[in-house]
Structures are given as structure tokens and as C-alpha cells.
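The values are calculated or read from the model by the stated rules, or taken from the named source; none is laboratory data. None of these values were measured; they are calculated from a predicted model. Note that each Cβ is placed from the backbone with ideal geometry, even for glycine, and that neighbours are counted across all protein chains shown. Calculation scope for accessible area: heavy atoms of the full protein, side chains included, ligands and nucleic acids excluded. Shrake-Rupley method; radii C 1.70, N 1.55, O 1.52, S 1.80 Å.
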Amino acid sequence: MNQNSLNPTDDAWLEIGNERIGRGSRKKLELFVARLFDFTDMVIPVEVVRGRKPGPTLFVSAAIHGDEINGVEIIKRLLGRSGLGSIHGTLIAVPVVNVFGFNTNSRYLPDRRDLNRCFPGNNLGSLASVMASLFMNEVVSKCTHGIDLHTGAIHRTNLPQIRADLDDSNTRILAEAFGVPVIINSSTRDGSLREAAANLGIQMLLYEGGEALRYDEKAIQCGLHGILSVMRTIGMLPGLKSRRHKIGEHVFMANKSTWVRAPISGSLSTKIKPGSRVKEGEVLGVLSDPFGEGRVEVKASKTGIVIGMTMIPLVSHGDGLFHIALFDNSHEVEQRIEEFDTESHRFTK
Ligand SMILES: [Zn+2]
């Protein structure tokens with residue numbers, strides 16, 4: 001389906017960060033956030049690619065959580081694609097939103113605020129709030145569509161997945177177009193970018209894949225492939241002559257997920273991987289003390305697919321160990337994830 005909603009705001013000139021960018025041009029610029037106490041200017045780097053022909057305006061952002069770096073690599077590869085100059089519409093690429101966290105390998109801003117709880121922000125508020133407000137005003141509010149790239153939090157890995165509000169039919173089309181097998185239907189959280197974008201009527205996806213502070217080649221390729229697929233679906237790029245799968249085919253949606261938590265503190269032995277199907281009551285791993293004693297089995301509370309898990313084997317009582325998404329047809333989902341893994345290497349060719 002071509003959802004090419006011509007963007008009424010896709011004017012001949014795009015004004016962003018004190019720059020005016022005409023159609024058919026490409027420009028890097030910096031959005032000034034604040035000067036730090038060591039006189040370093042904190043700026044958000046942006047690259048704008050404008051096609052000659054009008055079309056949607058899409059932002060692709062990463063590192064809103066500063067340590068979630070797979071998306072930075074995804075955007076780098078996206079910007080290196082040949083043929084980007086012939087897009088219809090405008091791409092606004094923001095590889096590092098939380099520049100402070102990115103430089104310090106941290107999820108947060110200096111005051112430990114989570115930027116993704118500070119939207120839409122306020123230019124008289126905290127540093128995080130100022131940053132959120134700048135990003136909303138200079139980037140998000142100028143777009144028709146958005147894709148925000150994340151990974152699991154520190155020491156947690158996520159199966160490549162889309163999180164989106166599937167009650168919105170247009171967003172659902174984008175989520176299916178992204179093409180990863182697992183979509184989590186999730187309402188937005190207070191202060192999140194997704195909530196703020198939805199309030200402006202912007203269709204937005206959140207992509208999760210891999211672990212913080214690590215490059216995960218599979219998650220990077222899935223993310224890049226997904227963005228290109230969304231760009232084709234909204235008419236920014238020409239459609240592929242033959243698509244291996246039709247949009248929405250072999251894509252599965254979960255409305256619920258649950259965490260299996262550690263019943264005691266201990267060292268975890270497990271063979272479970274993201275994408276594994278687990279059955280209610282199945283033993284997912286064993287916790288034991290440093291003497292190998294006091295063994296306690298960790299059992300799945302529900303049947304479903306593991307979409308995220310801890311990467312630290314030393315856990316405290318109550319830590320989230322396995323994140324399980326619940327599907328009506330988890331057998332089919334597991335099978336599709338396996339097929340998808342073998343297809344992945346062809347993605348970027
Ligand atoms: Zn994140």
C-alpha cells in the first residue's frame with residue numbers, strides 16, 4: 001500500500017536550526033541546547049536530506065537514551081545509502097539526541113533525568129526538558145512520520161521488535177511495513193516522545209533491538225531494512241519490484257507482555273535466547289549461590305516468546321530476568337523468527 005500522504009508542510013524551504021534548506025539539497029547542522037559549565041556547547045547534530053519532489057517528512061532518531069547505540073550505527077548506514085538524494089520528501093536524521101548521555105555512556109542526562117520521560121519539554125525547564133522541547137520544536141513538529149531507535153537498557157538485550165500504538169490504523173500499517181516479526185501493541189508512557197508525537201498527529205514507531213553499549217549486527221540490519229521498508233510504504237522511496245513477503249504477512253502482534261523475575265538472589269544458568277518460545281511452567285534457568293547450592297528453578301509464568309532478557313548472570317531477588325510477550329499463536333511466531341533470522345543476511349543487499 002502506498003500511504004503517500006503528501007505533506008502539507010513540505011514547503012519549498014525547510015527552516016530548521018537557523019538554516020533554510022531547499023528541495024534537492026542535503027545539509028548537516030547543529031541544534032544548540034545549552035552551554036555546559038566548562039564552556040562546552042551542547043549541540044544535537046542533524047542531517048537533513050531533501051528530495052527534489054515533495055512527499056512526507058520523516059525523522060529518524062537514536063540515542064534518546066544515550067547508551068543505546070545500535071540506532072546510531074543504523075542511521076550512519078542509512079545516510080550512506082546511495083539513492084537517498086532521489087527520495088520524495090524530506091528525511092531528518094538525528095543519530096544522537098541525548099548527546100550528553102552518548103558521551104558519558106549513560107542512559108541519562110547529567111541530573112539522572114530520563115529524556116524519554118521529559119517530552120514535550122519546556123525551554124524554561126530542566127536540561128532534559130530543554131533538550132526535549134528543542135527536539136520537538138525543531139524536528140518532530142516539522143514531520144509527518146517518525147522512527148525512534150532504541151535497544152534494551154544496560155545489561156539487557158531485546159529481540160528486534162516494534163512498539164507502536166496499533167489502535168491507530170495508519171501507525172499499524174507502518175508497524176507492519178517495518179517487517180520485523182514481533183510487534184508489541186503498547187500505549188504510550190507519560191513524557192515519552194511517542195506520546196508527544198501522537199499528540200501532534202505524527203505517526204511514530206519505536207524500534208528496539210539488541211543491548212545498550214553494544215553493536216548487534218542483526219539488530220542493526222533489521223533496523224535499517226525496516227526504515228527503508230517504511231520509506232517505501234509512505235512513498236519516499238520507490239517500491240521493490242518483488243517483495244519477498246507482502247506487508248503485514250508473517251508479522252505478529254502481542255497486546256501483553258510480562259517479566260519473569262528472580263525468586264531469589266543468585267547466579268543464573270540459562271540456555272534461553274531472545275526469540276525462544278517458552279511454555280507456562282517451563283524451567284527457564286536455575287539460580288544458585290556461589291557454592292552451587294540453594295538451587296532454585298526459574299519457571300515461565302506464561303506461554304509466549306522471549307522478547308528481552310538480562311545479560312548479567314548475577315541477579316538480585318526481584319530482578320527482571322526474561323520478558324515474555326504473549327501471542328495467540330506463539331508456535332507460528334517462533335517459526336517466523338527462525339525464518340527471519342536466516343533471511344536477515346540478505347537484507348542490505
Ligand atoms: Zn531506550
In segment 223-317, the trypsin sites (Lys or Arg not before Pro) that sit in a DSSP loop and have at most 15 other Cβ atoms within 10 Å of their own Cβ are LYS241, ARG243, ARG244, LYS246, LYS271, LYS279, ARG295
The distance between the Cα centres of segment 211-229 and segment 134-179, in whole Å, is 13 Å
Scalar couplings 3J(HN,Hα) for segment 53-62 by Karplus 6.51 cos²θ - 1.76 cosθ + 1.60 (θ = phi - 60°), nearest whole Hz, x for Gly and Pro, are 9, x, x, x, 10, 10, 9, 10, 10, 9
Tilt, helix 127-138 to longest principal axis of the chain (alpha-carbon atoms), in degrees rounded to tens, equals 50 degrees
Taking Cα atoms, the helix 70-79 axis meets the longest principal axis of the chain at an angle in degrees (rounded to 10) of 30 degrees
Counting only protein heavy atoms with a 1.4 Å probe and every protein chain in place, the carbon and sulfur fraction of the accessible surface of the chain in whole percent equals 49 percent
Ignoring chymotrypsin sites (Phe, Trp or Tyr not before Pro) buried by more than 10 other Cβ within 10 Å or outside DSSP loops, the longest site-free run in the chain is 40-290
Rounded to the nearest 500, the 222 nm mean residue ellipticity computed for the chain from DSSP H runs (n ≥ 4, each -39500 (n - 2.57)) alone is -6500 deg cm²/dmol
The percentage of Cα-Cα pairs in the chain separated by more than 30 Å is 37 percent
Regression test value, accessible area per residue of segment 256-345, probe 1.4 Å, units Å², expected 53 Å²
If one compares the long axis through the Cα atoms of helix 330-343 with the longest principal axis of the Cα atoms of the chain, the angle in degrees, nearest 10, works out at 60 degrees
Any aspartates and glutamates whose Cα falls less than 12 Å from that of LYS53, other than same-chain ones fewer than 8 residues away, would be ASP10, ASP11
Computed over the Cα atoms of segment 94-252, the Rg and Dmax in Å are 15.9, 51
